[in-house]
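Taken together, the values in this text are just the output of simple stated rules run on the coordinates, not laboratory data. Fair warning: this is a prediction, and the values are worked out from it, not measured in the lab. Glycine gets a Cβ as well: all are built from the backbone with ideal geometry, and neighbour counts include every protein chain shown.
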Amino acid sequence: MIIRKLYRFEAAHIVRNCSSDRCKYSVHGHSFRCELLLTADRLDRGQMVYDFGLLKGGVKDFLDGFDHASLFWDKEAPSYIKAMKENSKRWVSLPVSPTAEQLTRVIFVAAQALLDNTVKVNGDDTARVHSVILHETETGYAQCFRQDAYDAEMGEIDLKEIVFSAQAKAEWSDPKMWDKLLKGVKFENPRIETQIDAPFPAKPKPSRR
């Protein structure tokens, strides 16, 4: 089973080495729509893949870090990076070019890392990222699956090389969230009071074939 959570953010970038002169030579913006799709081997005690409310912390903050931010490749000319940092309080430095394709990979790896680094207490420990869809325009989107996210030939996504500006982090519900993740500090989901006692996780029924 797959569940989907939709996020939105506005961001600016340059797409180097592409065919369009408008895109590769000029800073331009998009109203991005990000679909985060999760799956699990079983439903949790609430009979869900994963409670959407539990995504309001790290995952939501991570994506909010892109909102109204300048996104740039850390291989850009130092003068360009300096200009972005001096003229925007909200910026994100990335180890790959900020194309829709690469952003889906960045989001996949970060969201999965946040899930992996979270202590889950409601039978939802098998929840994981299935894929990420990022709509750059009304007519075009990129979709990243697990094999894409960790494909070294597309460029390694090292979380330590993703840098958020101080202002972007300051506006998170936990300004230290990214630093905690990089240090391996565990996040913990809230304890759930059981209202209806039922055996869970359910054991699969043996095949009669």
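Some observations on this one:
- Degrees, to the nearest 10: 78-87 long Cα axis against longest axis of the chain: 70
- Ranked by how many other Cβ atoms sit within 10 Å of their own Cβ, fewest first, the residues C144, C23, C18 fall in the order C18, C23, C144.
- Relative exposure of H13, H68, judged by other C-beta atoms within 10 Å (fewest first): H68, H13
- For segment 10-84, the convex hull drawn through the C-alpha positions has a volume of 137 cubic angstrom per residue.
- Annotation: aspartates and glutamates with alpha-carbon distance below 17 angstrom to K60 (same-chain offsets under eight excluded): E10, E35, D51, D116, E171, D174, D179, E188.
- Residue-by-residue Karplus 3J(HN,Hα) for segment 51-66, coefficients 6.51, -1.76, 1.60, Hz, glycine and proline x: 5, 4, x, 6, 8, 6, x, x, 5, 5, 5, 4, 5, 5, x, 7
- Springs join every pair of Cα atoms under 10 Å in this Gaussian network model of the chain, and among L36, L103, L63 the largest mean-square fluctuation is at L63.
- Of the trypsin sites (Lys or Arg not before Pro) in segment 132-191, the ones in a loop by DSSP (not H, G, I, E or B) with at most 16 other beta carbons within 10 Å are K176, K186, R191.
- The mean sequence distance of close C-alpha pairs (under 8 Å, at least 6 residues apart), as a share of the length of segment 56-97, puts its relative contact order at 48 percent.
- Contact order normalised by residue count of segment 50-209, Cα under 8 Å, 6+ apart, percent: 28
- Values of log10 I(q)/I(0), in the order q = 0.10, 0.14, 0.17 Å⁻¹, for the chain under a Debye, Cα-only, solvent-free model: -0.47, -0.86, -1.20
- D by Stokes-Einstein for segment 98-188, Kirkwood Rh over Cα pairs, 25 °C, 0.890 mPa s: 169 µm²/s.
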